[in-house]
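A short worksheet on the structure shown next.
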Amino acid sequence: MGIPKGLRAVVFDFDGVIVDSEPLHFSLFRRLLGEEGIVLTREQYDAIYLGMDDRECFTEALTRHGKTAALPRVPELIERKSALLMAEIAERPPVLPGAVGFVRALAKSVPLAICSGALRREIEAMLKQAGILSCFVGIISAEDVSHGKPNPEGFTKALALLNRSQNPAPPIAPASCLAIEDSLAGIEAARAAGMRCLAVANSYPAEALKRAGAEAVVAALEDNPMDAVARLFRQARENVSEQHPGECH
C-alpha cells in the first residue's frame, strides 16, 4: 500500500469504522433505558447519542427525560451494558468488510492508534478476536478522557501517545495525522484536534459527513480508501504551496 507524502500516523475510531457494533450498542441502550421508563428510537439514537461514550449517553438520556434520580446509577448501567456486550461478541466480533486488511496494510507503514468512546476491554476484546490488536500502538478509550467527542481531548491524547511511544523526529504534527471516523461528533473532534479526517459512510450519509467537516468520504474501507487519502494529502500540499509560493517543500 502506497502511503501519501505527508501522512505519518493514523488514528481510527472504533465503532462504525472497524466494527459494526452501533446496532448492538443501540439495542443495549434501548433495553437498559427502557427499564428506566425511557423509550429510545433508532432515529433519536442516531441524531443525539451516536458518537457519545456510555457515560454521556446514559447521563444525557436520563437528564432529557427527567430521570435525574437515576444518575447515581450510571456507573452500574455502564457496567451492565458492557457485560451484555461482551457476551454478545464472545463468539464473533462484528468486523466491517475491509477493515482487517486495511488496518494490517497501514500498520506496515505508519503507526496506528485507536480513539474511541467505547470501553477499553470491549475494544481490546474485539481487536484481539479480529487478529489486529497488535497492529495498534495504543488505545485511547472512554476511561482515558474527561470529555468525549465532539471534544478533541481523545484525539489529542492519541497523538501524544503516538509521539511518546514512537519518539519520532520531528514529532508528528496534527496535520500529518489522519483520523478515520464515521460519526458527526467524531469528525468535529478530529478537526478540532487539527487532524485531517477521512469519514466512512457506515452510520451517516456522505453529504452529512462532508457538512460536518470530513475532507474525504468513502462508502467502506474495502473500497480502496487510500485513493481518497492520497487526494486529501495532495490537496493539502498544494494549498500550502499556494500560500507560500517560491518556498521549497
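What number of residues within segment 64-80 are small (Gly, Ala, Ser) and either closer than 22 Å to Ala47 by Cα or at pLDDT below 95 (or both)?
Here is the first cut: in segment 64-80, the residues small (Gly, Ala, Ser) are 66, 69-70.
Among the residues that remain, those that are also either closer than 22 Å to Ala47 by Cα or at pLDDT below 95 (or both) are: 66.
Here the count works out to 1.
Considered as a group, the residues in segment 132-174 that are of a type in the set (Gly, Ala, Ser) and touching a helix residue (DSSP H, G or I) at 6+ places or on another chain (Cβ under 7 Å) include one that is surrounded by the most Cβ atoms within 10 Å (Cβ to Cβ), and that residue is Gly154. Against the test of being in the same structural domain as Asp15 (by TED's automatic domain parsing), assigned to a helix (DSSP H, G or I) and surrounded by 13 or more Cβ atoms within 10 Å (Cβ to Cβ), the options Leu106, Leu84, Leu77 yield a single qualifying residue, Leu106. The criterion of at least 3 residues that are in contact (Cβ under 8 Å) with a residue 40 or more places away in the chain is met by the following helices (runs of 4 or more DSSP H) wholly inside segment 137-249: 153-166, 184-192, 226-243.
Within segment 190-199, can one find any residue that is modelled with pLDDT of 90 or more and either assigned by TED's automatic domain parsing to the domain that holds Asp53 or surrounded by fewer than 21 Cβ atoms within 10 Å (Cβ to Cβ) (or both)? Scanning segment 190-199, I find at least one residue that is modelled with pLDDT of 90 or more and either assigned by TED's automatic domain parsing to the domain that holds Asp53 or surrounded by fewer than 21 Cβ atoms within 10 Å (Cβ to Cβ) (or both), so the answer is yes. Pairing residues of segment 20-44 that are at negative phi and free of Cβ contacts under 8 Å to residues at least 24 places away in the same chain with residues that are outside any helix (DSSP H, G or I) and crowded, with 20+ Cβ neighbours inside 10 Å, at Cβ distances under 7 Å and at least 6 apart in sequence or on separate chains, gives Arg30/Leu40.
Here Asp13 clears all of (1) loosely packed, with under 13 Cβ neighbours inside 10 Å; (2) in contact with a strand residue (DSSP E or B) (Cβ under 7 Å, 6 or more places away or on another chain) except the condition numbered (1).
The values are calculated or read from the model by the stated rules, or taken from the named source; none is laboratory data. Keep in mind the model is a prediction, meaning the values are calculated, not measured. Glycine gets a Cβ as well: all are built from the backbone with ideal geometry, and neighbour counts include every protein chain shown.
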